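Chemist: The structure follows.
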Amino acid sequence: MEEIVAKQGWKGLKGTIEPDLILLDEQGFIVSVYDLKFPCPDSNIARWERYSRGPWMDWFQGERYEQALGVPPRLVSPRQGVIRE
């Protein structure tokens, strides 16, 4: 990620996936994936966004994370805590 940002700026990350937190077990296998959401205004709920273009058009972000990483991801929001879907 740092290399992409250094060469292309933040726009270089568009269309990539990178959850905020990935927990691994002692063998290095992914056991949990979390994505932090800070919805504004306060009346909005935390939710997965749908990709509107690019290689994952019409996928929800959480679906893409699960397909790529092999575990169901969880949303985390300051107001809602860990969201179980």
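Readers should treat all values here as calculations from the given coordinates under stated rules, not as data from a laboratory. Everything numeric in this text was worked out from a predicted model, so none of it was measured. Glycine also receives a Cβ, built like all others from the backbone with ideal geometry; neighbour counts cover every protein chain displayed.
Chemist: Can you tell me which residue within the stretch 1-40, out of those that are more than 11 Å from the chain's Cα centre (by Cα) and closer than 17 Å to ARG79 by Cα, is surrounded by the fewest Cβ atoms within 10 Å (Cβ to Cβ)?
Modeler: CYS40
Chemist: Looking for something under 15 Å from the mean Cα position of the chain (by Cα), part of a helix (DSSP H, G or I) and closer than 23 Å to MET1 by Cβ - is there at least one such residue anywhere in the stretch 41-61?
Modeler: Scanning the stretch 41-61 turns up at least one residue that is under 15 Å from the mean Cα position of the chain (by Cα), part of a helix (DSSP H, G or I) and closer than 23 Å to MET1 by Cβ.
Chemist: Of the residues in the stretch 1-19, how many are in contact with a Phe, Trp or Tyr (Cβ under 8 Å, 6 or more places away or on another chain) and either among the polar types (S, T, N, Q) or touching a residue at least 60 places away in the same chain (Cβ under 8 Å) (or both)?
Modeler: 0
Chemist: Let me ask something additional. Among the residues of the stretch 62-77, how many are in a loop (DSSP other than H, G, I, E, B), in contact (Cβ under 8 Å) with a residue 40 or more places away in the chain, surrounded by 11 or more Cβ atoms within 10 Å (Cβ to Cβ) and not hydrophobic (A, V, I, L, M, F, W, C)? I'd like the intermediate steps shown before the answer.
Modeler: If we filter the stretch 62-77 for residues that are in a loop (DSSP other than H, G, I, E, B), which is where we start, we get 70-73.
So of that shortlist, the ones also in contact (Cβ under 8 Å) with a residue 40 or more places away in the chain come out as 70-71, 73.
Still in the running and surrounded by 11 or more Cβ atoms within 10 Å (Cβ to Cβ): 71, 73.
Next, only the ones that are not hydrophobic (A, V, I, L, M, F, W, C) stay: 73.
Counting residues in the stretch 62-77 that are in a loop (DSSP other than H, G, I, E, B), in contact (Cβ under 8 Å) with a residue 40 or more places away in the chain, surrounded by 11 or more Cβ atoms within 10 Å (Cβ to Cβ) and not hydrophobic (A, V, I, L, M, F, W, C) gives 1.
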